[in-house]
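These notes are about the structure you will find just below.
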């Protein structure tokens, strides 16, 4: 039995339309999906829409990767000296009419997954700050505990001391 042509067209239309313009039920299908955006990746967010583009730190300076202010670039480069991994990422989240640099390390390629383990410590934020790309793509949240001490944060001490 062959599939009706209309079903194939409908599935394509849903895919082409993307999360912002489809039903809540169909949005569940897109959660965890990654969409390429130049050198960046945008994650489909559970409540509709997509994250701002998320870039690899190593791609900074390439065409299409947004420029950072001097202080932001210094912060990113300092973290790169301590977190030497090809998975280190940054995203510019909307913040009061401007943006806020968020640096995190997903440690794996499925950073857009909508399941336990898809929350990542913000390496340049509060010690308990998390970024969940597939849940809250344009904001961060707090966890109940702090991450390990970060040597690039001046004056930070171990949460157990």
>> Here is a check on your reading of the model: is residue 139 exposed (fewer than 14 other Cβ atoms within 10 Å of the Cβ) and over 15 Å from the mean Cα position of the chain (by Cα)?
In response: no
>> Out of everything in region 29-53 that is surrounded by fewer than 19 Cβ atoms within 10 Å (Cβ to Cβ) and at negative phi, what residue ends up being modelled with the highest pLDDT?
In response: 39
>> Criterion first (outside any loop (DSSP other than H, G, I, E, B), free of Cβ contacts under 8 Å to residues at least 24 places away in the same chain and either closer than 18 Å to residue 40 by Cβ or within 12 Å of the chain's Cα centre (by Cα) (or both)) does residue 130 satisfy it?
In response: yes
> Has region 112-121 got at least one residue that is outside any helix (DSSP H, G or I), at pLDDT below 95, in contact with a helix residue (DSSP H, G or I) (Cβ under 9 Å, 6 or more places away or on another chain) and at positive phi?
Replying inline: no
> Name the residues in region 62-106 that are surrounded by 12 or more Cβ atoms within 10 Å (Cβ to Cβ), touching a strand residue (DSSP E or B) at 6+ places or on another chain (Cβ under 8 Å) and in a loop (DSSP other than H, G, I, E, B), would you?
Replying inline: 65, 66, 68, 87, 88, 105, 106
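The values are calculated or read from the model by the stated rules, or taken from the named source; none is laboratory data. Quantities reported herein were computed from a predicted structural model and do not represent experimental measurements. When we count neighbours, we look across all protein chains shown, and the Cβ atoms used for this are built from the backbone with ideal geometry, even at glycine.
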